[in-house]
Every structure is written in structure tokens, then in C-alpha cells.
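Inspection log for the structure reproduced underneath, given as C-alpha cells.
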Amino acid sequence: MEDPKIYLVRSPAKLISENQAGHGWSQINFSEASSVEELLGLFSDKGIDPGRRRKQIKRFFSISKGDIVVVPLHGAVALGYATGTRSYAKGVSFGENRY
């Protein structure tokens, strides 16, 4: 078994109580893509240039089951393991794309 990778995700705190971590980009559903290249193509198709956030997007998309997710919060840090799959839901700003 491969050692888990560790990812820092700046996620809305509200998602922690739902055992999820999220990333923004409400215009793009990350779960529709099967690769980073396909995901970046979705950005291009919508005329969105992620600019300096491209690496953040790639890292979030690369999270897989068993990886460790670190979420900094105000006055605390949440730690968890990625156990589910990518999903998309509205209702939490900057947390539409979830793992």
C-alpha cells in the first residue's frame, strides 16, 4: 500500500461538521472531470483562467482515498482522512467542490 499524501485545504469550517472539506469555484463541478487535464479543460471551456490558483486546484483534485487532509480553522486545525469521493453541492460559499 502506498503511503498517504498530506494535503492542506482551506475549507469552509461549516463543512467540517459534515465530515467534508471543500474548495471553491462554484462555476465548475470538479466531479465531472476524470483527470486534471480534463478539469482544466472545463475551466477553459467556460473562459475561466485560474491563474495562480491552478496549483491549488490540481492539488485538491489529486486527493484520493486514504490521504490525510489538514484544514486550518480559526484557533484550531482539523485533521481527517479522505474516505469518500468528489462531490459538488451549492449552499456553502467557497466549498462547492467537496471531498
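Values quoted throughout were computed directly from the atomic coordinates according to the rules given, and no laboratory measurement underlies them. All figures in this text were calculated on a predicted structure; none of them were measured in a lab. Reconstructed Cβ throughout: ideal geometry from the backbone, glycine too, with neighbour counts over all protein chains shown.
For the stretch 71-99, how many residues meet the condition of being surrounded by 15 or more Cβ atoms within 10 Å (Cβ to Cβ) and assigned to a strand (DSSP E or B)?
Total meeting the criteria: 6.
Can you name the residue in the stretch 52-79 that is without any contact (Cβ under 8 Å) to a residue 12 or more places away in the chain and closer than 26 Å to residue 33 by Cβ and is also farthest from the chain's Cα centre (by Cα) among such residues?
Among them, the one singled out is 52.
Restrict the check to the stretch 50-58 and report whether at least one residue is exposed (fewer than 13 other Cβ atoms within 10 Å of the Cβ) and touching a helix residue (DSSP H, G or I) at 6+ places or on another chain (Cβ under 9 Å).
No, the conditions are met nowhere in the stretch 50-58.
Please name all residue pairs, on different chains or six or more residues apart, with Cβ atoms under 6 Å, provided the first residue is in the stretch 18-36 and is of a type in the set (Gly, Ala, Ser) and the second residue is assigned to a loop (DSSP other than H, G, I, E, B) and surrounded by fewer than 16 Cβ atoms within 10 Å (Cβ to Cβ).
24/94
Which residues, taken from the stretch 12-29, are more than 10 Å from residue 92 (Cα to Cα) and among the hydroxyl-bearing types (Ser, Thr, Tyr)?
17
So which residues in the stretch 22-49 are assigned to a helix (DSSP H, G or I), surrounded by 14 or more Cβ atoms within 10 Å (Cβ to Cβ) and of a type in the set (S, T, N, Q)?
Within the stretch 22-49, 31 is the sole residue that qualifies.
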